[in-house]
Structure formats: C-alpha cells, structure tokens
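> Dumping the structure here so I can ask a few things about it.
The values are calculated or read from the model by the stated rules, or taken from the named source; none is laboratory data. All values derive from a computational prediction rather than experimental measurement. Cβ sites come from the backbone with ideal geometry, for glycine too, and all protein chains shown count toward neighbours.
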C-alpha cells in the first residue's frame, strides 16, 4: 500500500472516530433530555392523580370527568393505581393494556419512585404513604413526537456521517497526494540521475521545510557518491598505469633474452633487472594493501595503544637514517612538558610509525641536502608534530592534490615512488581524529603538520 493511501485511510479513520464520538454524544444528550422531560410530565400526572384520589379522596368518576376535559393528554396515556395488596383500584383508558409485574411495583414501593420503559410506553411510578397502607400510582404514555424526533435524528446523523466520510476520503487522498508530490518529484529526479546524469542535483525549496532539508541531504550524499566514483576511476586508472610499466619491462626483457642464445652473464643481468621490477611491484602491492586496510569503520578496534610520540620520533630517525647514507634526520623536542603523559596519544603505534616514516623519508628525499627535522610541541590537549625540509617548495597548484592516491606532479616525475605515501599518511591521521596540513613557499621550509588530540 502506498503512503498516500495509508495517509488517506488514517486521516479518514481519525475523522470518522471524531464524528462518531460527536454524533453519539449528541444523540445521547437528545435522548436523555427528551426522556427526562417526558418522565417529568408523567411524574406530574401521577402526582396530581395520586393527591386527588388517595390523599384528598375525591370521587373516581369526578376524576374521570376532569381527565377527559383536560387538554394536556399525552398520546395513549394510561394511569393505574394499586393498593397495598397490588389490586387495581383506579384505571384510565381501558383500551390500552399495561401489564406491570409485581416485582416492578415492589421496587417502586422500596425506591419511592421509579421511571422505566415497558415496550413502547414510558412509565413513571410513585409511592403514596397513607394510614391504610402504601399505594402505587403508575402513569404511562407513548412519547410519539420524541421517539419520532430521535429516529429522524439518527437517519440525519447516519446520512451526514457517510457524507462527511466521503468528503474526508476524497480530501485526505487529495491533500496526501499534494503533500507527497515533492517526494514523487525527488523519486523521478533520482531515477533520472543514475547512471548517466550524476552531475544533476535535486532542486532546493526555499521554504526550509522537511522536504528542503531532505533534498539538501540527498544532494550532499550525491556529491559524496560522485566523488567516490571519481576517486575510484582515478585509482583504477593509476593502478593500471603503475602496474603496466614494470610488467611491460619484465615481458620485454624476457622476450629479448629468449630471441637468441646468450652467455650466462647476460642472463644473470636480465634476471637481476627482472628481480628489481618484481621488487618494485611487490613494494607497490604492499603500499596499496596498506592503503586499502585503513578504514574509518575500524577505528574503535585499531586505536588501542598508548603511543609516546617522542620515542616514536627517535625510532623513525634511526630507520630513515639507515635507508640512505645521505639522509640525516634531526629531532627537535622544543620545551619538554613536566608531565611525560602529555607526549602520549591513544592510537595505533604501527600506523603512526608508518605515517611519520613516510613524511620523514619524503622530506629527506626532496631535500637538497637530504636533511629533515621532526619538531614536536606538546600542549595541554594537543600534540603538534611537524616534519620540515629545506628542499624546493611544492608548487601552489599541486598542494590541493598531493594527498590523492597516485598523484605525481611534474616536479616529482623523475623521483622514484608511486604517489601513495601521502594519501596513506592522510588516511592514518584522519583515522586518529587528527588534522594534516602542509605549508610551502619560496624562501621558507616545507612543513607537514600533524595535529593530534590527546584523549
């Protein structure tokens, strides 16, 4: 069932319940008012006749004559008087039979007065106490006009109820459709966006209502999806390019070696060259594997270590210095805090070592003198780690793209590498809830800054 139909049904059910409650209340009030008024009239007649016949002991024939000349007779009115032995001592309108049980009469004697229905007749009974015993006077009549009014009221309410329900069903269905029309447009637009029109976006309503906020949220989601597609295409294209070159070299060298019979030294040289290419492929595969394993969803299970940043920096210094005799790394701890815990962060030691090592190795690689500085500053709630070198500045147009996988600028085209390291560093820092920024300008050292929050 569609939302439109569900809304229309629920709206109709709510209005039906309200109308039914209102109509039942109106009918109950009218019935109570009409019945109470008719019972009061019967009660007055029973009281009047009882006082004349029982208390003042007027002659029964005189009372009959007085009753016939009165103009306020009720439809099919009948009055009966019972003595203390339940015998009828007075009765009017003999053509009408009013059979009242002895238990009803006894109930009237106990309660002094009682109103009840006997078939079509309304009956009001009153007890009179005298020295000779207890008498009961019953006055009954048909409430012809009141019952007719109630029957007409029921038919009018039933007709009005179904008319209102019909109007409610139509209006509920119409207004539900009007309210959901923006959702239908959103559905049509989304169906038209994929897979060919990924640059199209939903129109944003100016009312700042729920539909407008939903459209803005969907547009943001579409932006993220489009960016993911772009990065995926770029990733696949770059991986294909990086894998194609060494594979082509390996294939070419092996084909050349198989063309003619060669001496052992030539074969050994070819095998060494192929081994270098295979080593490069293994290194690239390892970096890609590391990049794919950094997942924000796994942060809770990965960030369980307490890492001393100063100790990590000294370990990185030893590892980078051992990579190339030309590389020299200097540690600048600045003003050490009194509390050594201010140099610790909660995270993953292996990942933080990988990030800091990549930054430091890059700094030495692109420095003119092969030197780099790791500067650490501890604050009350933050740790700032800077990796600086004095090499050529990064061109300003390249800075927004250096953290994208496989991005290589013209300045780094002749330097060995795959363009994965900085992307890996950026993911590791984000995984730790930190920030990675870069500043590079002529005449100033190039600085990569990591800000980590202490927890």
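> Go through region 98-121 and report how many residues are more than 60 Å from the chain's Cα centre (by Cα) and part of a strand (DSSP E or B).
Adding up the residues that qualify gives 4.
> Please work out which residue is surrounded by the fewest Cβ atoms within 10 Å (Cβ to Cβ), limiting yourself to region 431-441 and to residues that are at pLDDT below 85 and more than 18 Å from residue 401 (Cβ to Cβ).
433
> Another question, if that's okay. Based on what the data block shows, is residue 163 part of a helix (DSSP H, G or I), at pLDDT 90 or above, surrounded by 12 or more Cβ atoms within 10 Å (Cβ to Cβ) and within 60 Å of the chain's Cα centre (by Cα)?
Against the criterion (part of a helix (DSSP H, G or I), at pLDDT 90 or above, surrounded by 12 or more Cβ atoms within 10 Å (Cβ to Cβ) and within 60 Å of the chain's Cα centre (by Cα)), residue 163 does not qualify.
> While we're looking at this one, here's another question. Tell me, which strands (runs of 3 or more DSSP E) lie completely within region 338-410 with 2 or more residues that are surrounded by fewer than 18 Cβ atoms within 10 Å (Cβ to Cβ)?
371-378, 382-389
> Specify which of the listed residues (253, 261) is over 30 Å from residue 201 (Cα atoms), assigned to a helix (DSSP H, G or I) and at pLDDT 75 or above.
253
> Scan region 425-445 residue by residue and report those that are part of a strand (DSSP E or B) and touching a helix residue (DSSP H, G or I) at 6+ places or on another chain (Cβ under 8 Å).
Within region 425-445, 435, 436, 438 meet the criteria.
> Please find, within region 130-152, the residue that is surrounded by the fewest Cβ atoms within 10 Å (Cβ to Cβ) out of those that are out of contact with any strand residue (DSSP E or B) (no Cβ under 8 Å at 6 or more places or on another chain) and within 17 Å of residue 86 (Cα to Cα).
131
> Return yes when residue 342 is within 18 Å of residue 434 (Cα to Cα) and modelled with pLDDT under 85 and no when it is not.
Against the criterion (within 18 Å of residue 434 (Cα to Cα) and modelled with pLDDT under 85), residue 342 qualifies.
> Could you tell me whether region 220-232 includes any residue that is outside any helix (DSSP H, G or I) and modelled with pLDDT of 65 or more?
The answer is no, given that none of the residues of region 220-232 is outside any helix (DSSP H, G or I) and modelled with pLDDT of 65 or more.
> So, one more: Out of everything in region 41-75 that is in a loop (DSSP other than H, G, I, E, B) and closer than 19 Å to residue 143 by Cα, what residue ends up being modelled with the highest pLDDT?
So, considering only residues that are in a loop (DSSP other than H, G, I, E, B) and closer than 19 Å to residue 143 by Cα, the one modelled with the highest pLDDT is 75.
> Then there is this: Can you find, within region 315-336, the residue that is surrounded by the most Cβ atoms within 10 Å (Cβ to Cβ) among those that are part of a loop (DSSP other than H, G, I, E, B) and either more than 54 Å from the chain's Cα centre (by Cα) or not assigned by TED's automatic domain parsing to the domain that holds residue 377 (or both)?
Per the stated criteria, the residue is 327.
> Then there is this: Checking residue 34 against (1) in a strand (DSSP E or B); (2) within 30 Å of residue 152 (Cα to Cα); (3) at pLDDT 90 or above: exactly one of these is not met. Which one?
Failing condition for residue 34: (1).
> What about residue 12, is it within 60 Å of the chain's Cα centre (by Cα), at pLDDT below 90 and loosely packed, with under 12 Cβ neighbours inside 10 Å?
Against the criterion (within 60 Å of the chain's Cα centre (by Cα), at pLDDT below 90 and loosely packed, with under 12 Cβ neighbours inside 10 Å), residue 12 does not qualify.
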